[in-house]
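Laboratory data are not the source of any read-out in this text; all were calculated from the coordinates shown. Note that the structure is a prediction, hence the values are computed from the model and not measured. Here the Cβ is made from the backbone with ideal geometry for all residues, glycine too, and neighbour counts use every protein chain on show.
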Amino acid sequence: MTTQTDSKANISQWLMVFWRSAAVPLVAVILALLVGAIILLISGANPLAAYSALAKGAFGTPIAFGRTLEKATPLILGGLAVAFAFKGGLFNIGGQGQLLVGAIVAAAVGFGIDGLPFIIHMPLALLVGSLAGAVYGAIPGALKAYTGAHEVITTIMLNFIAINLTDFMANGPWKDEGIVARTPAIAEAAAIPTWGNIPIGFFFAVVAALATWYLLYRTTIGYEIRTVGFNSNAAKYAGIGVSYTIILTMAISGFLAGMGGAIETLGVVGRYQPGFNAGLGFDGITIALLARTNPIGVIPAALLVGAMQAGSSQMQFDANVPFQIIDVIQALILFFVSADMIVRWIIRVKPEEGEQVTLSTSWG
């Protein structure tokens, strides 16, 4: 009898914890959809028809579902990059640059090596592209650790460097024949396959999310990263190498973003072409905030945004709604998640100590 009572108490406690962590994102999405419906009404569209078309375009057919997973894959990894840096007290806005570097380096390995079998070529291209993102992410980490340069400023600047550098490489040394600025197509042995309509790259992203959660909450390194993020002075007093941890945090964050770019190149585009990956790194900020920086929560958050992106064309075609309404809804979701006091006032949920997400760290 006591065991059953304890089991019910544990289930009740787990449900309460789940509700406290998921309530704000869920209600934020609902509020964003409601406000989006009002905007649709004002513009003369039918909200029910628009959202029905959106769902059909995202999940209505196996092809649509596969497209949703394809859209969600780089969003998961971009969101993980931002969320992981948050845990270390860092705001990595450089996910876009790290993603681009990973994408073009993966393309270079994909088209630059011949004769390797699939079991070696594809993992090699994916790993090298991810490591390129890690190296690019470690740069602002080192600047933060040794000079005090704020990561928000340095990652923004490095984004522009990455954009121009990859454009130069795709239109210069690594340019394919023809007038279009792009690299040659990757070898077939380097391509990430699909399983029917399901992109295998999506499963790589899910495994990365699970591995990130395990690293943060079940390893000594993750404990040190979270300690530095909570209080770097206390972490230093406890004997943790703060500078090393900052660099490592940004390197792992860059690795995740670089993996997102590499999967886009190897599993979707088949080469690197400027403009095909625009905005994916910045969308990671939305994903991380919607997930409350929880690595597991990043998966449903990315699926939601991926579904909206995949279904936007169907909504535009069936309900005659401009596709820009999807950007408006995403912005509303981000607004309600960021301004969580509004949501908490509506649902009467108080934040627990340390639960709030800080959008920036100090300038010191």
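Worth pointing out:
- Residues I192, I156 arranged by fewest to most Cβ contacts within 10 Å: I156, I192
- Most mobile listed residue (N233, N171, N294) in the chain, GNM with C-alpha springs under 10 Å: N233
- Springs join every pair of Cα atoms under 10 Å in this Gaussian network model of the chain, and among T154, T61, T293 the largest mean-square fluctuation is at T61.
- Look at S130, S253 and count the other Cβ atoms within 10 Å of each Cβ; fewest to most, that gives S130, S253.
- Dipole of the stretch 64-319, positive end: most advanced residue of S232, I221, T293 [Cβ charges, Cα centre]: S232
- By the count of other C-beta atoms within 10 Å, a proxy for reagent exposure, H121, H150 are ordered fewest to most as H150, H121.
- Stretching A142 away from I156 to a fully extended chain increases their span by 3.5 nm, per 0.36 nm per residue minus the current alpha-carbon distance.
- Relative contact order (percent, whole number), the chain, Cα cutoff 8 Å, 6+ residue spacing: 34 percent
- Between the stretch 203-251 and the stretch 34-54, the alpha-carbon center distance in angstrom: 43 Å
- Loop sites in the stretch 123-189: GluC sites (Glu not before Pro), DSSP, at most 16 other Cβ within 10 Å: E177
- Within the chain, helix-based [θ] at 222 nm, where runs of 4 or more DSSP H residues each add -39,500 (n - 2.57), nearest 500: -24500 deg cm²/dmol
- Taking L216, L280, L69 in turn, the Gaussian network model of the chain (Cα-Cα springs below 10 Å) assigns the largest fluctuation to L216.
- Placing R0 at 30 angstrom, the Cβ-Cβ distance between F118 and I63 gives a FRET efficiency of 0.75 after rounding to 0.05.
- Check: the chain dipole with +1 on Lys, Arg Cβ and -1 on Asp, Glu Cβ, in debye: 660 debye
- Of the peptides 35-43, 158-166, 100-108, 112-120, the order by per-residue mean of other Cβ atoms within 10 Å, starting with the highest, comes out as 100-108, 158-166, 35-43, 112-120.
- Across the stretch 317-322, coupling constants 3J(HN,Hα) worked out from phi with the 6.51/-1.76/1.60 Karplus curve, θ = phi - 60°, read 6, 7, 10, 6, 10, x Hz, and Gly and Pro carry x.
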